[in-house]
1. Do any residues in the range 130-151 that are outside the structural domain of K209 (by TED's automatic domain parsing) have Cβ atoms under 8 Å from those of residues that are at pLDDT 90 or above, where the two are at least six apart or on different chains, and which pairs are they?
2. Mind checking which residues of the range 382-439 are more than 30 Å from P495 (Cβ to Cβ), in contact (Cβ under 8 Å) with a residue 60 or more places away in the chain, aliphatic (A, V, I, L, M) and buried (at least 18 other Cβ atoms within 10 Å of the Cβ)?
3. At pLDDT below 90, within 20 Å of D152 (Cβ to Cβ) and aliphatic (A, V, I, L, M): is that true of V304 in this structure?
4. I'm told F519 meets every condition in (1) surrounded by 21 or more Cβ atoms within 10 Å (Cβ to Cβ); (2) in contact (Cβ under 8 Å) with a residue 40 or more places away in the chain; (3) hydrophobic (A, V, I, L, M, F, W, C) except one. Can you identify the failing condition by its number?
5. Looking at E477, E481, E457, which one is in a loop (DSSP other than H, G, I, E, B), more than 20 Å from F532 (Cα to Cα) and not aliphatic (A, V, I, L, M)?
6. Out of L262, L271, L316, which single residue is part of a helix (DSSP H, G or I), within 31 Å of the chain's Cα centre (by Cα) and not acidic (D, E)?
7. How about the range 497-536: which of its residues are in contact with a helix residue (DSSP H, G or I) (Cβ under 9 Å, 6 or more places away or on another chain) and farther than 22 Å from L463 by Cβ?
8. Condition (residue is in contact with a Pro (Cβ under 8 Å, 6 or more places away or on another chain) and either in a helix (DSSP H, G or I) or farther than 30 Å from C261 by Cβ (or both)) applied to the range 404-427: is it met by at least one residue?
Amino acid sequence: MAGKERQNESLPACVTEYINLVVRKIKYRRKVRQEVRQELTDHFTDALAKYQMEEQRQQAAEKLIADFGDPKLLATLIRRGKKRCRPLWKKLIIRSFQAVGLFIILFCFYTWWFISGTPTIRVDYVAQLNQISRPEVADEDNAWPHYEKAADLYVEPDESIKDQIRILDKSQEGYKDFSQFTEAEQKALLEWMEQNQPAWNEYVTGSQKRYCWIRYQAENNCMLDVITPKLGHLRGLTRLAIWQAWIHFNQTQTDKALELCLVILRVGNHLQKEKGTIVGQLVGLGISKIGYSELISLSQQTDVTLSKWEQIQNELETLYKNGYPLMDVASERLFFLDIIQRVFTDGGIGGGHLLPNEMLEKLIGVGNNYEETEERVRLIGLGLIHANREETIKKANAIYDLLEKISKMTPYEIHKENINYEKEIQHLSYRYFLVRTLIPALQRVGELSFRGKAMHEATLTVLALRRRQMEKGAYPEKLEELVTEGYLRQLPEDPYSDSILRYEKRGDDFILYSLGRNFVDDGGVQHPEVNFEWGDIDKVGDRVFWPVSQ
């Protein structure tokens, strides 16, 4: 300050004080303040140079100060002028930094608003799930209470019993029929079956009911927490029935083995028609496949009467009075909509926005704190760019509509129209990552139901052919003869072509097959690998129903 006062020694004290006050009130960069000080000093020096008398200089200085006016206002005007005079490049840099700063502030507020919202649960989708799957019949006709009790009573086999069961399977290496077991092995297997007799009785009782309806329950009515029925134990009881059938077969009691197959098929039919979940329908398909496979295998036997085969065929034809049940995906849509209402806000622009914390809690289930923090940061980032609630639901509904459409189309029809549902999901942008994550790849599920339909119709056809051969001593030249002669109601459709299953009379036998997944007629050559029972897109091989592979 002393140096600055020495610079102004030629000026009156009031001028020096005024200049210091103005410079101090500019509140700007040091270089600018120095420039202003020098400019004001030069201005006052030039203005007072013509006055020699101290009194005149003092009066002139006071008049100049009065003309300049209030130092605070002058400082403000000078500061604005200096800013306006800045170079363009400097203005651009400053404005850019200001814009970035403003964006960061707004972004912080937006992020806080984004992650602090809460979902509103308005719809009970578990109740809707129960409603769509419940038929309009009396509760006493419901098979599920018996199946549930059977699952509770089921006794799992120990390892030694599992080994015996494996050996009983004709498709396994080292196969032995029941008569080749040691007395101790036979006793152990029969004792285990006896332990499961109460469970089996409930299984059979359930199979005789008109329908099957499962009442689903969930904590907080959340579809994610729907309690899964004990369907695995029903599969165990189904395998138990097959082992009993093998024992009956080895004891030349084929009629009893056939009756067991009918029980299995009735159970499979119940679960296929129970529209609660995809899993339940798939279990039903699997159980039905076991029954049909064993029934076709048993149809090779010659110790069964013609009337028995006719009875079996009639029962199979009445299983699906309203047509074969194809896959129903309505429950999957309900599952998705329930997730949406639990991880999105309700209301606002676009109907609501994604809530990363709810996503983390409901869907991710991260273990430790580090992973949780990392996952939360990732979800916040994805959530900021995610489509709003209305857009997400619209996109999901479009995909589910496509899924419902193709679930009613044969694999051949899908192939001809070049529909790729799974690719539709994979090609979605990250704006719809929730749709990509939650909607499962279900195109193959619809294909499985058409395979089940083909298996059902192939079994009916084999039985009709066997009956015709027993009555007339020969197989027909064409399948159409079975319909005209009254052995078959309708011809079996091939899901992998636009025609019926391929049939050819070969000497005293016949072959019946589907083209399989490559949609090519390979002459009835079955693919050798078990995992490619229906062939594969790029592999040679048909799905042969008859003759039965050994």
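The values are calculated or read from the model by the stated rules, or taken from the named source; none is laboratory data. Nothing here was measured: the structure is a model prediction, and the numbers come from that model. Here the Cβ is made from the backbone with ideal geometry for all residues, glycine too, and neighbour counts use every protein chain on show.
1. Filtered contacts from the range 130-151: no entries.
2. Matches in the range 382-439: L434 only.
3. No, not satisfied.
4. (1)
5. E477 is the lone residue from the list that is in a loop (DSSP other than H, G, I, E, B), more than 20 Å from F532 (Cα to Cα) and not aliphatic (A, V, I, L, M).
6. L271
7. Across the range 497-536, the qualifying residues are S497, D498, L515, G516, R517, F519.
8. Checking the range 404-427: at least one residue is in contact with a Pro (Cβ under 8 Å, 6 or more places away or on another chain) and either in a helix (DSSP H, G or I) or farther than 30 Å from C261 by Cβ (or both).
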